[in-house]
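Once you've had a glance at the structure underneath, I'll fire off some questions.
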Amino acid sequence: MRKRKQKALISGITLSTVGVGITSYILSDAAKRRKVKGLVRSAKVKLSSLSKKQQVNASLNKGAHSDPTYVSESNMISEGPMYQDQHR
């Protein structure tokens with residue numbers, strides 16, 4: 001078991017060192033740095049717009065029909081309102 005942990009530690013250190021070396025090489029040139037920044041920004045925009053769409057779809061579906069597997073929601077719905085409305 002101890003050898004496995006040592007091997008995992010050495011592998012992790014090796015991978016992180018290789019990752020740092022590759023990143024240093026890529027970011028050493030200004031043109032490559034700009035290209036990487038552009039890629040990161042476009043990925044960030046795509047991911048944020050995707051997550052917003054998923055949030056909207058999830059809230060629409062949830063509002064239309066609540067899922068019976070949501071136990072806490074089902075309990076709240078079955079309890080009824082906290083305050084009684086008195087309409088005149």
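Does residue 70 satisfy the condition of being open to solvent by 100 Å² or more (accessible area, probe 1.4 Å), modelled with pLDDT under 90 and over 26 Å from the mean Cα position of the chain (by Cα)? Lay out the reasoning, then the answer.
On the way: open to solvent by 100 Å² or more (accessible area, probe 1.4 Å): yes; modelled with pLDDT under 90: yes; over 26 Å from the mean Cα position of the chain (by Cα): no.
Here the answer is no, as residue 70 does not meet what is asked.
So is residue 5 open to solvent by 90 Å² or more (accessible area, probe 1.4 Å) and basic (Lys, Arg) or not?
yes
Report whether or not residue 32 is open to solvent by less than 100 Å² (accessible area, probe 1.4 Å) and modelled with pLDDT of 85 or more.
Criteria met by residue 32.
The values are calculated or read from the model by the stated rules, or taken from the named source; none is laboratory data. Nothing here was measured: the structure is a model prediction, and the numbers come from that model. Accessible surface areas use protein heavy atoms only, side chains included; no ligands, DNA or RNA. Shrake-Rupley method; radii C 1.70, N 1.55, O 1.52, S 1.80 Å.
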